[in-house]
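The values are calculated or read from the model by the stated rules, or taken from the named source; none is laboratory data. The model shown is predicted, which means the values in this text are computed figures rather than measured ones. Virtual Cβ from ideal backbone geometry, glycine too; neighbours counted across all protein chains shown.
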Amino acid sequence: MNLSNLKPGQQGKILKLESSIGSIRRRLMDMGIIPGEIIKVEKVAPMGDPIEITVKSYNLSLRKNEAKGIEIEVLP
C-alpha cells in the first residue's frame, strides 16, 4: 500500500521510498520521511491533492504523485 491510499486519521509505518521518485527522494528524506518513521494523514484536499501529513511532530504537505512513491504498512 502507498501513502496516497491512507484516509485522514490513519497512520502508517514507512517501509520504503520507491526509486521512481528519484528526483524527489532526497527532499523527502531531508523532511524526515525515511523508512521506519510513523506517518499520519491529517487531511486531504477536496480534489485529493495535496495531502497533509504529520511526521516527527511536523506538519507537511505532499502532492499525490509524491505520496504514491512512499510504500507504507497501515497501523491500527
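Brief remarks follow.
- Any hit, the range 33-43, residues being surrounded by 12 or more Cβ atoms within 10 Å (Cβ to Cβ) and either assigned to a helix (DSSP H, G or I) or hydroxyl-bearing (Ser, Thr, Tyr) (or both): no
- Ile53 being in contact with a helix residue (DSSP H, G or I) (Cβ under 9 Å, 6 or more places away or on another chain) and not in a loop (DSSP other than H, G, I, E, B): yes
- Residue match in the range 4-16 (condition: at pLDDT below 85 and surrounded by 12 or more Cβ atoms within 10 Å (Cβ to Cβ)): no
- Answer residue from the range 62-75, given it is within 9 Å of the chain's Cα centre (by Cα) and assigned to a strand (DSSP E or B) and is surrounded by the fewest Cβ atoms within 10 Å (Cβ to Cβ) among those: Glu71
- The test for being under 12 Å from the mean Cα position of the chain (by Cα), in a strand (DSSP E or B) and touching a residue at least 12 places away in the same chain (Cβ under 8 Å) holds for Lys13.
- Odd one out for Gly22, checked against (1) modelled with pLDDT under 85; (2) under 12 Å from the mean Cα position of the chain (by Cα): (2)
- Take the conditions (1) touching a strand residue (DSSP E or B) at 6+ places or on another chain (Cβ under 7 Å); (2) aliphatic (A, V, I, L, M); (3) at pLDDT below 90; Met47 misses just one of them, which is (1).
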